[in-house]
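Undergrad: Quick one: structure below, then a few questions.
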Amino acid sequence: MTPHENAWMVCNAIATISPDDYLLADLSRDYPGQLPGCQGQTPGHHRLYSLDSLPPLEQLSGSVVVLAGLSGNVYFHWMVDILPRLEILRRSGVDLDQVDWFLVNSDRQPFQQATLKHLGIPDHKMIESDRHPHLQAQELIVPSFPGYLGWLQPWALEFLRREFLPLGDGLSQDYPERIYISRTQASYRRILNEAAVTELLSHHGFVSVQLELLPLAQQIALFANASLIVTAHGSGLTNTIFCRSGATVVELVSPHYVRHYYWVISKYLGLQHYYLPGERFGCTPIRQIMYPNPLIEDIWVNLEALKNMLKVVGVADQQQRKERQR
């Protein structure tokens with residue numbers, strides 16, 4: 001990159017601008033992202049062009065690697081869309097030890113610090129995008145994105161497993177094979193009748209866990225040892241990256257918000273992946289007031305449907321056999 005190229009970013013958009021003021025489309029993104037094969041979104045629609053002006057340009061000495069990206073402070077997007085960019089730099093011959101700064105999304109999370117530290121990038125080299133929304137560096141290094149937004153590539157999956165699976169090795173704790181991941185700490189997409197769901201699952205040997213309370217190494221070990229995982233759609237399922245082949249995932253979803261993200265990971269790893277849609281809310285106007293965006297819609301699990309799903313994956317039958325043997 002030349003000293004005159006600069007980067008601009010806000011919460012839901014990032015742009016890399018050439019010295020002659022052209023948007024570098026392959027290094028710039030905003031919502032909504034595209035799926036493979038989809039057309040209709042052009043660089044000319046980028047949010048950058050809707051602005052009257054940009055924040056004041058800040059010049060930084062030294063070299064800056066731009067890692068900030070769409071929702072880069074969300075665990076899923078951090079692991080899938082951001083971290084593999086470091087592998088792209090490594091394969092391109094960039095010596096990360098010689099980089100002065102790494103620009104990441106604002107509101108840094110513990111998983112960002114833990115993963116970067118494991119990759120040899122110290123915390124004092126990280127700078128945040130809200131404090132540096134429009135910058136120009138002596139050397140601006142902007143790696144390509146690894147693929148379509150939220151679509152994990154096979155080489156990136158291999159990179160993540162190679163780098164981070166060893167963190168879970170050797171932990172002395174015994175981990176349950178059947179886990180239910182609770183989203184009670186989340187602000188949206190929660191299970192409204194979670195008490196009934198966890199009670200039902202507990203009769204089949206499931207242990208309820210809150211990933212927010214666990215360090216990264218324990219989360220990795222938990223999923224690496226699990227044979228069956230039940231949870232609502234959310235970033236916790238990112239850890240399916242570390243599952244062993246043959247494990248089963250039951251993803252609880254809103255009927256209005258079903259995404260491909262974790263199904264793709266399951267297909268790569270040979271996992272059995274099932275979707276269980278929640279109940280539809282009867283009054284559409286009230287639902288639209290409560291959940292103006294389907295992304296945030298909470299989920300009411302039909303318990304009979306969940307029981308049937310357990311039969312499909314063989315859990316209920318196993319439990320019944322055990323009870324008959326007692």
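The values are calculated or read from the model by the stated rules, or taken from the named source; none is laboratory data. Everything numeric here is computed off the predicted structure, so don't read it as measured data. Using ideal geometry, Cβ is built from the backbone for each residue, glycine included, and neighbour counts are taken over all protein chains shown. Heavy atoms of the whole protein, side chains included, go into the accessibility calculation; ligands, DNA and RNA do not. Shrake-Rupley method; radii C 1.70, N 1.55, O 1.52, S 1.80 Å.
Undergrad: With the condition kept exactly as written, say whether any residue in segment 162-178 is among the basic types (K, R), more than 30 Å from A7 (Cβ to Cβ) and open to solvent by 50 Å² or more (accessible area, probe 1.4 Å).
TA: No, that holds for no residue.
Undergrad: May I pose another question? Which count do you get for residues in segment 257-266 that are over 19 Å from L165 (Cβ atoms) and either out of contact with any Ser or Thr (no Cβ under 9 Å at 6 or more places or on another chain) or surrounded by fewer than 18 Cβ atoms within 10 Å (Cβ to Cβ) (or both)?
TA: 5
Undergrad: In segment 78-104, what residues are touching a residue at least 60 places away in the same chain (Cβ under 8 Å), assigned to a helix (DSSP H, G or I) and either touching a Lys or Arg at 6+ places or on another chain (Cβ under 7 Å) or under 19 Å from D26 (Cα atoms) (or both)?
TA: V80, D81, P84, R85, E87
Undergrad: Pairs please, first residue from segment 221-245 and of a type in the set (D, E, K, R), second anywhere and open to solvent by 10 Å² or more (accessible area, probe 1.4 Å), Cβ atoms under 7 Å, 6+ apart in sequence or on different chains.
TA: R244/A224
Undergrad: Can you go through S245, S202 and tell me which one is open to solvent by 70 Å² or more (accessible area, probe 1.4 Å) and on the phi < 0 side of the Ramachandran plot?
TA: Of the residues listed, the single one that is open to solvent by 70 Å² or more (accessible area, probe 1.4 Å) and on the phi < 0 side of the Ramachandran plot is S245.
Undergrad: Determine whether M1 is modelled with pLDDT of 80 or more, of a type outside the set (D, E, K, R) and either within 15 Å of G147 (Cα to Cα) or open to solvent by 20 Å² or more (accessible area, probe 1.4 Å) (or both).
TA: The answer is no for M1.
Undergrad: Next question. Within segment 190-199, track down each residue that is part of a loop (DSSP other than H, G, I, E, B) and open to solvent by 20 Å² or more (accessible area, probe 1.4 Å).
TA: Hits for segment 190-199 are R190, L192.
Undergrad: To continue, here is another question. Filter segment 173-184 down to the residues that are in a loop (DSSP other than H, G, I, E, B) and hydroxyl-bearing (S, T, Y), then identify the one that is nearest to the chain's Cα centre (by Cα).
TA: Here the residue is S182.
Undergrad: Right, next: Take the conditions of a type outside the set (A, V, I, L, M, F, W, C), open to solvent by 20 Å² or more (accessible area, probe 1.4 Å), within 24 Å of the chain's Cα centre (by Cα) and closer than 23 Å to A13 by Cα and apply them to D130. Does it pass?
TA: Yes, satisfied.
Undergrad: Given the criterion farther than 17 Å from I241 by Cβ and part of a strand (DSSP E or B), identify the matching residue among S208, S187, S144.
TA: S208
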